[in-house]
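Below you'll find the structure, written out as structure tokens, and then a few comments.
The values are calculated or read from the model by the stated rules, or taken from the named source; none is laboratory data. Fair warning: this is a prediction, and the values are worked out from it, not measured in the lab. Here the Cβ positions follow ideal geometry from the backbone for every residue, glycine too, while neighbour counts run over all protein chains shown.
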Amino acid sequence: MSEPVTPLVKGLFITLRYLFQKKVTVQYPEQKRTYPERFRGRHQLTRHADGSERCVGCELCAQACPSGAIRVVAAENDPDHPHSPGERYGATYEVNMIRCIFCGFCQEACPTGAVVLTPFNELAEYRRDPLTYEKPRLLVPRKEEAR
Ligand code: SF4
Ligand code: SF4
């Protein structure tokens with residue numbers, strides 16, 4: 001066999017060999033992968049069992065974030081209608097998903113377990129604006145709101 005033909009035959013043989021092996025390509029979005037248990041995706045602000053917000057607006061998550069993706073503005077709780085059990089709550093909470101590198105430092109830094117990274121990872125958008133997630137989008141609804 002002449003020199004230029006040998007690599008071609010080798011290449012075809014490799015193709016033939018892989019043709020009968022188990023496919024690794026996932027037909028997304030019809031098929032979805034199962035991610036590891038500790039996979040870090042979209043953020044969520046959680047609530048206590050009584051429905052109050054866990055976030056007390058301490059800004060530790062924003063301080064821990066290496067990419068400056070979090071903005072928190074705290075406010076004093078109204079004693080008659082508190083949002084959280086603390087004196088303050090996170091009045092504004094934003095995560096810029098374009099900046100976020102999903103390192104999980106915010107979750108680790110949070111003293112109340114308010115911010116968690118969920119396995120949800122379908123975050124693609126056509127425009128930049130919707131990629132700044134604001135508090136209403138991040139906060140889990142109360143049980144009665146979720147119905
Ligand atoms: S996961 Fe990391 S980069 Fe993303 S907001 Fe949290 S600390 Fe910042
Ligand atoms: S999410 Fe946690 S760390 Fe961030 S401001 Fe709220 S309580 Fe503090």
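A count restricted to segment 39-53 and to residues that are touching a residue at least 24 places away in the same chain (Cβ under 8 Å) and assigned to a loop (DSSP other than H, G, I, E, B) stands at 8. Looking at P130, P36, which one is within 17 Å of the chain's Cα centre (by Cα), assigned to a helix (DSSP H, G or I), away from ligand 2 (no atom under 14 Å from the Cβ) and without any contact (Cβ under 8 Å) to a residue 12 or more places away in the chain? Residue meeting the stated conditions: P130. Between A91, A75, A69, A64, the distinction of being surrounded by 10 or more Cβ atoms within 10 Å (Cβ to Cβ) and farther than 25 Å from P141 by Cα belongs to A64 only. Only one of the listed residues (V73, V56) is at pLDDT 95 or above, in a strand (DSSP E or B) and over 30 Å from K32 (Cβ atoms). That residue is V73. Taking only segment 78-104 into account, find how many residues are part of a strand (DSSP E or B) and aliphatic (A, V, I, L, M). Within segment 78-104, residues that are part of a strand (DSSP E or B) and aliphatic (A, V, I, L, M) number 2. Just to be sure, is R33 in contact with a helix residue (DSSP H, G or I) (Cβ under 9 Å, 6 or more places away or on another chain) and under 22 Å from P119 (Cβ atoms)? So R33 fails the test.
Taken together, R17, R38 contain a single residue that is modelled with pLDDT under 95 and either surrounded by 11 or more Cβ atoms within 10 Å (Cβ to Cβ) or within 15 Å of ligand 1 (Cβ to nearest atom) (or both), which is R38.
Checking R33, R47 one by one, the residue that is away from ligand 1 (no atom under 16 Å from the Cβ), among the charged types (D, E, K, R) and exposed (fewer than 12 other Cβ atoms within 10 Å of the Cβ) is R33 and no other.
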